[in-house]
1. Extending each Cα 7 Å along its Cβ direction at Asp169 and Glu205, get the distance between those two points in nm, one decimal.
2. If a/c stays under 1.5 just call it rounded; otherwise compare a/b with b/c (prolate if a/b is bigger, oblate if not). Do that for the range 87-216, with a ≥ b ≥ c from the square roots of the Cα gyration tensor eigenvalues.
3. Counting each pair of different Cα atoms once, what's the Kirkwood radius of the range 3-208 in Å, rounded to one decimal?
4. Based on the Cβ-Cβ distance of Asp190 and Asp105, what FRET efficiency does E = 1/(1 + (r/R0)^6) give at R0 = 22 Å, to the nearest 0.05?
5. List the residue ranges in the chain for DSSP H helices whose C-alpha atoms run 15 angstrom or more along the long axis and whose Kyte-Doolittle average is 1.6 or above.
6. Going by amide H atoms built from the backbone, whose H comes under 5 Å of the H on Val176, apart from near neighbours?
7. Can you tell which of Leu181, Val213, Ala52 lies farthest toward the positive end of the dipole of the chain, using +1 and -1 charges on the Cβ of basic and acidic side chains (Lys, Arg; Asp, Glu)?
8. Given Cβ point charges of +1 (Lys, Arg) and -1 (Asp, Glu) and nothing else, what value in debye, to the nearest 20, does the dipole of the chain about its Cα centre take?
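The values are calculated or read from the model by the stated rules, or taken from the named source; none is laboratory data. The shown structure was predicted, so the numbers you read here are calculated from the model rather than taken from an experiment. For neighbour counting, all protein chains shown are included, and Cβ atoms are generated from backbone atoms with ideal geometry for every residue, glycine included. For accessibility, only protein heavy atoms count, side chains too; no ligands or nucleic acids. Shrake-Rupley method; radii C 1.70, N 1.55, O 1.52, S 1.80 Å.
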Amino acid sequence: MSTVGIIGAGNIGTNVAKAAIAAGHDVVIANSRGPETLSDLVEELGSGRAKAVTVEDAARAGDFVVVAIPLKSIEDLPKEPLEDKVVLDANNYYPQRDGRIAVLDANLATTSELLQKHLPHSHVVKAFNHINAKDIPRDGQPAGTEDRRALAIAGADPGAKAVATAFLDTLGYDAVDMGDLSESWRIERDTPGYGARLNADELSETLAGTERVHQV
Ligand SMILES: NC(=O)c1ccc[n+]([C@@H]2O[C@H](COP(=O)([O-])OP(=O)(O)OC[C@H]3O[C@@H](n4cnc5c(N)ncnc54)[C@H](OP(=O)(O)O)[C@@H]3O)[C@@H](O)[C@H]2O)c1
């Protein structure tokens with residue numbers, strides 16, 4: 001079992017933490033306001049496996065790190081403590097929240113490529129972006145279960161994708177590899193696979209048939 005660093009303690013961060021703890025991992029979780037603001041969450045998570053820390057400490061202590069903050073805030077992430085780490089990126093682009101981002105509007109980049117650009121020495125893997133946060137702790141099933149839910153991943157580094165795949169498996173999900181981060185538009189907001197509960201075959205087929213549309 002691993003120590004999972006989680007940066008962002010909102011919908012995604014909290015629910016990844018719940019699922020990770022249920023699977024036997026330890027969690028170090030951070031938000032923008034400091035660990036003292038997360039005491040209720042740590043109590044709710046229970047089990048002694050969750051610790052509230054600073055962003056830097058979550059980055060350093062995690063065997064790998066889940067980034068679960070709004071896209072508009074990714075440039076706040078510290079580079080040095082995330083160097084050489086596997087970084088799982090749950091981000092989506094919502095212009096009403098994040099402001100307009102020209103390269104995304106023009107389909108010249110994916111959200112995860114923006115994070116990879118900000119963290120050039122980390123191994124970014126897209127993960128968790130297309131499942132409703134609340135479903136993460138409740139939809140997982142043991143490996144081999146018929147119709148097990150699958151989640152899409154993408155990234156440049158096979159070793160990092162193996163880490164993501166193994167983590168998802170412990171939470172109860174199959175992983176479907178979309179290829180490089182440049183392919184992760186296939187599961188960004190408003191695509192057919194976004195939010196849908198699909199098994200691995202269904203998700204692979206859906207991703208293959210997805211057409212790239214302009215952001216609105
Ligand atoms: N909600 C979903 O079901 C869902 C599903 C898939 C993907 N996503 C994507 O995942 C990302 C996070 O979404 P969410 O719904 O979890 O957001 P959220 O509920 O608004 O939580 C955001 C968290 O990020 C923290 N944060 C913000 N800026 C930060 C910074 N600079 N450093 C450290 N922590 C920071 C916030 O801390 P403070 O409160 O202290 O500011 C808060 O804990 C978004 O890109 C979203 O589109 C969401």
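1. For Asp169 paired with Glu205, the spin-label model returns 2.5 nm.
2. prolate
3. So the Kirkwood estimate lands at 16.8 Å.
4. After rounding, the FRET efficiency stands at 0.95.
5. None clear 15 Å together with a mean of 1.6.
6. Leu151, Ala152, Ile153
7. About the Cα centre, the residue reaching furthest to the positive side is Ala52.
8. I would put it at about 360 debye.
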